[in-house]
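Taking it in order: structure first as structure tokens, then the write-up.
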Amino acid sequence: MEDIAIIGIGMHSFGRTDGLSGQAQGAFAVREALRDAGVKWEQVGVAYGGSQDAGNADALANHLGLTGIPFVNVANGCATGGSALASVVSAIRSGMAEIGLAVGFDKHPRGAFNPQPADWGLEDWYGETGLMLTTQFFALKTQRYLHEHGIAEESLVHVAQRAFRNGALTPHAWRRRELSFEEIAESMAVNLPLRKYMFCNPAEGGAALVLCRASQAHKYSDTPIIVRAAVMRTRHHGSFEVFSPGLAARQAPAPTVTASRAAYESAGVGPEDIDVIQLQDTDSGSELIHLAENGFCEHGEQGLLLRSGATDIAGRLPVNTDGGCLANGEPVGASGLRQVIEVCTQLRRQAGARQVPGAPRLGYTHVYGAPGVSAVTILEAP
Amino acid sequence: MNNNTSLLPHLPVAHLLTQGTSGLGLLGSKCSQCGEMYFPATDSCTACCGSDLAPCDIGNQGRLWSWTVQAFMPKSPYNSGETEEAFQPYGVGYVQMPSGVKVESRLTTADPAELAIGMPMALCLVRYGQRVDGQPLQTFAFAPTIEIEGDL
Ligand SMILES: [Zn+2]
């Protein structure tokens, strides 16, 4: 299969930008990515993108120019960015276009997400009786995982501590203050064992990528990043997913596991080859679980890994070098592409104070979300 | 087994319950093709892709499989009628039933000291709020229990 390369990256900083719509933040990110690639919007032959709460991606054409481009709206929750990227890769590979764009953006109301039962095929009683909360799900999943694998609750603190430490090194991060162990461990209980500083917040922002065939990439970029894998998968019967009034007797691996395996197979590499990692960290517990589900350790090894500093920027497995969702917030539509952009920045060795030492060659990104979707990419340095 | 909702007036979750031989139980479905069981009742089997399912009694006793405490008041559609100030945290858990199916449920206690994975739990009804007309709102819940019938 022909290699596809990322030749431009662009972001609108995550966080809160009052007075600027989600779509305007998406268009800002696209312009940044086009500028980075030295490409004009008129040259882009196909685009995929989406948001969860900020409208259709193809409305960005109203900001960027009505060029007649086939612009496909993607709505895959947390996997929106990953699905858009996988689709652009396929489109370019098929010969549909020379240059393609993947974009994600969002602007969520403040506070926890507010899902409605009917939208999820559930009856009203499930929401009315207080069972339909994402934070509750993450807590129940984490509680069970800690129990099954003998992991201490302090590991949840260590994940958050590293996220805010890395966020403090990241100029565009939303949360740039380091937090002490005690500040996190003693923060307000939200859904035990998870506390306030162990959860990311809904946010705003935009992220965009410009791609072309790897064989053409040097026309546009001195530092093209090869997409070695871009895979999206959904759940199997028996996986433990959000908004489940009941769980099946038999348990099946999460969609993360199947997406991860497919990505390694497609790239022809294994977890031991990866130099810089982005894992979905909507909460500390999720990141803990994802470390093992993506093959970076055995289930139960996380406590030691975190204590020993192995997941720090200078460690063996640098995770969420920009502070992840915990420090950047989660604009759902943009979050997966923020991960890809951070890994591209690391592989280009342009990450400044948070740069992974040495010459990282392979990077990995992972998102996971409702109702049981996961997207994984494996990226290679120029 | 008889899904006798007339016993439970004004109970929005009455259709989730059944009057079994050992008292009030949870009503689920069993796939006639592969035997997989579901709660709540459903008309499609996500294991074998079959669509021939029959009602079954999921039971009323199990063991706590995971738990948390809901410490903040959920937004709408939560309808307990409480104010933010008067909100009382509540326990939430999954209870593993004899078939292995785990049922998500409110718990009768929100005290972490009273909750441990693996402890026996029994089904009950709880009042979790009240309607604007003053009528109580009830739902099913699980309570820690000492005794448990049989080996789960
Ligand atoms: Zn079946």
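The values are calculated or read from the model by the stated rules, or taken from the named source; none is laboratory data. Because the structure is a prediction, the values reported are computed rather than measured. Note: ideal-geometry Cβ built from the backbone for every residue, glycine included; neighbour counts use all protein chains shown. Just so you know, the surface numbers come from the protein's heavy atoms only, side chains and all, with ligands and any DNA or RNA stripped out. Shrake-Rupley method; radii C 1.70, N 1.55, O 1.52, S 1.80 Å.
Tell me, which helices (runs of 4 or more DSSP H) wholly within the range A:221-324 include 1 or more residues that are without any contact (Cβ under 8 Å) to a residue 60 or more places away in the chain and open to solvent by less than 10 Å² (accessible area, probe 1.4 Å)?
Values: elements: A:255-267, A:284-293, A:302-307.
Helices (runs of 4 or more DSSP H) meeting the threshold: A:284-293.
Within the range B:1-24, can you find the residues that are modelled with pLDDT of 90 or more and within 14 Å of chain A (Cβ to nearest Cβ)?
Across the range B:1-24, the qualifying residues are B:VAL13, B:ALA14, B:HIS15, B:LEU16, B:LEU17.
Testing A:SER83 on (1) at the interface with chain B (Cβ under 9 Å from one of its Cβ atoms); (2) buried (at least 22 other Cβ atoms within 10 Å of the Cβ), one condition comes back false. Which one is that?
Result: A:SER83 fails condition (1) only.
Just a yes or no: is a residue in the range B:52-62 within 12 Å of chain A (Cβ to nearest Cβ) and under 24 Å from A:PHE138 (Cα atoms)?
Initially, the range B:52-62 is screened for residues within 12 Å of chain A (Cβ to nearest Cβ), giving B:58, B:62.
Right, trim to under 24 Å from A:PHE138 (Cα atoms) and you get B:62.
Looking for residues that are within 12 Å of chain A (Cβ to nearest Cβ) and under 24 Å from A:PHE138 (Cα atoms), one finds at least one in the range B:52-62, hence yes.
From the set of residues in the range B:26-43 that are at the interface with another protein chain (Cβ under 8 Å from one of its Cβ atoms) and assigned to a strand (DSSP E or B), which is surrounded by the fewest Cβ atoms within 10 Å (Cβ to Cβ)?
Step one: of the range B:26-43, the residues at the interface with another protein chain (Cβ under 8 Å from one of its Cβ atoms) are B:28, B:36-40.
Among the residues that remain, those that are also assigned to a strand (DSSP E or B) are: B:28, B:37-38.
On the way: B:GLY28: 25, B:MET37: 22, B:TYR38: 25.
Going through the qualifying residues, I end up with B:MET37.
Considering only the range A:105-113, I want to know if a residue exists there that is open to solvent by 20 Å² or more (accessible area, probe 1.4 Å), within 14 Å of chain B (Cβ to nearest Cβ), modelled with pLDDT under 95 and in a helix (DSSP H, G or I). Give the derivation first.
From the range A:105-113, those open to solvent by 20 Å² or more (accessible area, probe 1.4 Å) are A:107, A:109-113; that's our starting set.
Filter once more, so that each one left must be within 14 Å of chain B (Cβ to nearest Cβ): A:109-113.
Okay, now just the ones that are also modelled with pLDDT under 95, so A:109-113.
So of that shortlist, the ones also in a helix (DSSP H, G or I) come out as none.
No, the range A:105-113 contains no residue that is open to solvent by 20 Å² or more (accessible area, probe 1.4 Å), within 14 Å of chain B (Cβ to nearest Cβ), modelled with pLDDT under 95 and in a helix (DSSP H, G or I).
Is one or more of the residues making up the range B:88-95 among the hydrophobic types (A, V, I, L, M, F, W, C), more than 16 Å from the ligand (Cβ to nearest atom) and more than 20 Å from the chain's Cα centre (by Cα)?
From the range B:88-95, those among the hydrophobic types (A, V, I, L, M, F, W, C) are B:92, B:95; that's our starting set.
Checking which are more than 16 Å from the ligand (Cβ to nearest atom) leaves us with B:92, B:95.
If we keep only those that are more than 20 Å from the chain's Cα centre (by Cα) too, we end up with none.
No.
Is it the case that some residue within the range B:129-147 is more than 16 Å from the ligand (Cβ to nearest atom), closer than 27 Å to A:HIS149 by Cβ and crowded, with 22+ Cβ neighbours inside 10 Å?
Taking the range B:129-147 as the starting set, the residues that turn out to be more than 16 Å from the ligand (Cβ to nearest atom) are B:129-147.
So of that shortlist, the ones also closer than 27 Å to A:HIS149 by Cβ come out as B:142, B:144.
Now restrict to residues that are crowded, with 22+ Cβ neighbours inside 10 Å: B:142.
The answer is yes; a qualifying residue exists.
Which of the residues spanning the range A:33-51 are in a loop (DSSP other than H, G, I, E, B), in contact (Cβ under 8 Å) with a residue 60 or more places away in the chain and over 26 Å from A:GLN350 (Cα atoms)?
Applying the first criterion (in a loop (DSSP other than H, G, I, E, B)) to the range A:33-51 yields A:38-40, A:44-45, A:51.
Narrowing the set further to residues that are in contact (Cβ under 8 Å) with a residue 60 or more places away in the chain leaves A:38-39, A:44, A:51.
Across the range A:33-51, the qualifying residue is only A:SER51.
Look at A:GLY50 and say whether it is within 14 Å of chain B (Cβ to nearest Cβ), in contact with a strand residue (DSSP E or B) (Cβ under 8 Å, 6 or more places away or on another chain) and of a type in the set (Gly, Ala, Ser). Outline the logic, then answer.
Values: within 14 Å of chain B (Cβ to nearest Cβ): no; in contact with a strand residue (DSSP E or B) (Cβ under 8 Å, 6 or more places away or on another chain): yes; of a type in the set (Gly, Ala, Ser): yes.
No: the conditions fail for A:GLY50.
Give the residues of the range A:115-153 that are of a type in the set (Val, Ile, Thr), more than 9 Å from chain B (Cβ to nearest Cβ) and out of contact with any Pro (no Cβ under 8 Å at 6 or more places or on another chain), sorted by residue number.
Narrowing the range A:115-153 to residues of a type in the set (Val, Ile, Thr): A:129, A:134-135, A:142, A:151.
The next check asks that each one be more than 9 Å from chain B (Cβ to nearest Cβ); those that pass are A:134, A:151.
If the condition is that a residue be of a type in the set (Val, Ile, Thr), more than 9 Å from chain B (Cβ to nearest Cβ) and out of contact with any Pro (no Cβ under 8 Å at 6 or more places or on another chain), then A:ILE151 is the only one that fits.
Residue check: is B:THR108 within 18 Å of the chain's Cα centre (by Cα) and either open to solvent by 60 Å² or more (accessible area, probe 1.4 Å) or away from the ligand (no atom under 16 Å from the Cβ) (or both)?
Values: within 18 Å of the chain's Cα centre (by Cα): yes; either open to solvent by 60 Å² or more (accessible area, probe 1.4 Å) or away from the ligand (no atom under 16 Å from the Cβ) (or both): yes.
Yes; evaluated as a whole, the condition is true for this residue.
Restricting the range A:190-201 to residues that are open to solvent by less than 30 Å² (accessible area, probe 1.4 Å) and assigned to a strand (DSSP E or B), which is farthest from the other protein chains (Cβ to nearest Cβ)? Even if it seems obvious, please write down each step before you answer.
Looking only at the range A:190-201, we keep the residues that are open to solvent by less than 30 Å² (accessible area, probe 1.4 Å), and these are A:190-191, A:193-194, A:198-200.
Still in the running and assigned to a strand (DSSP E or B): A:190-191, A:194, A:199.
Details: A:VAL190: 6, A:ASN191: 4, A:LEU194: 8, A:PHE199: 11 Å.
Top of the filtered list is A:PHE199.
Yes or no: the range A:360-382 includes at least one residue that is in a helix (DSSP H, G or I) and at pLDDT 95 or above. Can you show your working first?
Taking the range A:360-382 as the starting set, the residues that turn out to be in a helix (DSSP H, G or I) are none.
There is no residue in the range A:360-382 that is in a helix (DSSP H, G or I) and at pLDDT 95 or above.
Mind checking which residues of the range A:30-60 are of a type in the set (A, V, I, L, M), closer than 23 Å to A:ASP18 by Cα and open to solvent by less than 10 Å² (accessible area, probe 1.4 Å)?
From the range A:30-60, those of a type in the set (A, V, I, L, M) are A:30, A:33-34, A:37, A:39, A:44, A:46-47, A:54, A:57, A:59-60; that's our starting set.
Retained after the next criterion (residues that are closer than 23 Å to A:ASP18 by Cα): A:30, A:33, A:54, A:57, A:59-60.
Within the range A:30-60, A:VAL30, A:ALA33, A:ALA57, A:LEU60 qualify.
Taking the range A:134-158 as the search range and keeping residues that are part of a helix (DSSP H, G or I) and among the acidic types (Asp, Glu), which one is surrounded by the most Cβ atoms within 10 Å (Cβ to Cβ)? Steps first, please.
Our first condition is that a residue be part of a helix (DSSP H, G or I); within the range A:134-158, this holds for A:134-149, A:154-158.
Narrowing the set further to residues that are among the acidic types (Asp, Glu) leaves A:148, A:154.
Values: A:GLU148: 12, A:GLU154: 14.
Residue satisfying both the conditions and the ranking: A:GLU154.
Can you tell me how many residues in the range B:88-115 are more than 9 Å from chain A (Cβ to nearest Cβ), of a type in the set (Gly, Ala, Ser) and farther than 29 Å from B:GLN135 by Cβ?
So in the range B:88-115, the residues more than 9 Å from chain A (Cβ to nearest Cβ) come out as B:88, B:91, B:95, B:98, B:107-111, B:113-115.
Okay, now just the ones that are also of a type in the set (Gly, Ala, Ser), so B:91, B:110, B:113.
Those still in the list that are farther than 29 Å from B:GLN135 by Cβ too: B:113.
Within the range B:88-115, residues that are more than 9 Å from chain A (Cβ to nearest Cβ), of a type in the set (Gly, Ala, Ser) and farther than 29 Å from B:GLN135 by Cβ number 1.
For the range B:44-75, what are the residues that are open to solvent by 20 Å² or more (accessible area, probe 1.4 Å) and within 16 Å of the ligand (Cβ to nearest atom)? Write out each step before concluding.
Looking only at the range B:44-75, we keep the residues that are open to solvent by 20 Å² or more (accessible area, probe 1.4 Å), and these are B:44, B:46-49, B:51-55, B:57, B:60-61, B:63, B:67, B:71-73, B:75.
Correct list: B:SER44, B:THR46, B:ALA47, B:CYS48, B:CYS49, B:SER51, B:ASP52, B:LEU53, B:ALA54, B:PRO55.
Here is a list: B:SER22, B:SER99. Which entry is within 16 Å of the ligand (Cβ to nearest atom), open to solvent by 10 Å² or more (accessible area, probe 1.4 Å), in contact (Cβ under 8 Å) with a residue 60 or more places away in the chain and within 17 Å of the chain's Cα centre (by Cα)? Full working, then the answer.
On the way: B:SER22 fails: within 16 Å of the ligand (Cβ to nearest atom).
None of the other options fit; the residue is B:SER99.
Those residues that are in contact with a Cys (Cβ under 9 Å, 6 or more places away or on another chain) and of a type in the set (Val, Ile, Thr), I need them from the range A:213-235; list them, please.
A:THR223, A:ILE225
Only residues that are among the β-branched types (Val, Ile, Thr) and over 19 Å from B:GLN19 (Cβ atoms): list them for the range B:114-144, please. Show your work before the answer.
Keep residues of the range B:114-144 that are among the β-branched types (Val, Ile, Thr), which gives B:117, B:126, B:132, B:139.
Result: B:ILE117, B:VAL132.
Looking only at residues in the range B:76-87 that are within 9 Å of chain A (Cβ to nearest Cβ) and without any contact (Cβ under 8 Å) to a residue 40 or more places away in the chain, which one is farthest from the ligand (Cβ to nearest atom)? I'd like the intermediate steps shown before the answer.
Our first condition is that a residue be within 9 Å of chain A (Cβ to nearest Cβ); within the range B:76-87, this holds for B:76-80.
Those still in the list that are without any contact (Cβ under 8 Å) to a residue 40 or more places away in the chain too: B:76-78.
Working: B:SER76: 36, B:PRO77: 31, B:TYR78: 33 Å.
That would be B:SER76.
Report yes if some residue within the range A:301-309 is under 20 Å from the mean Cα position of the chain (by Cα) and of a type in the set (D, E, K, R); otherwise report no.
no
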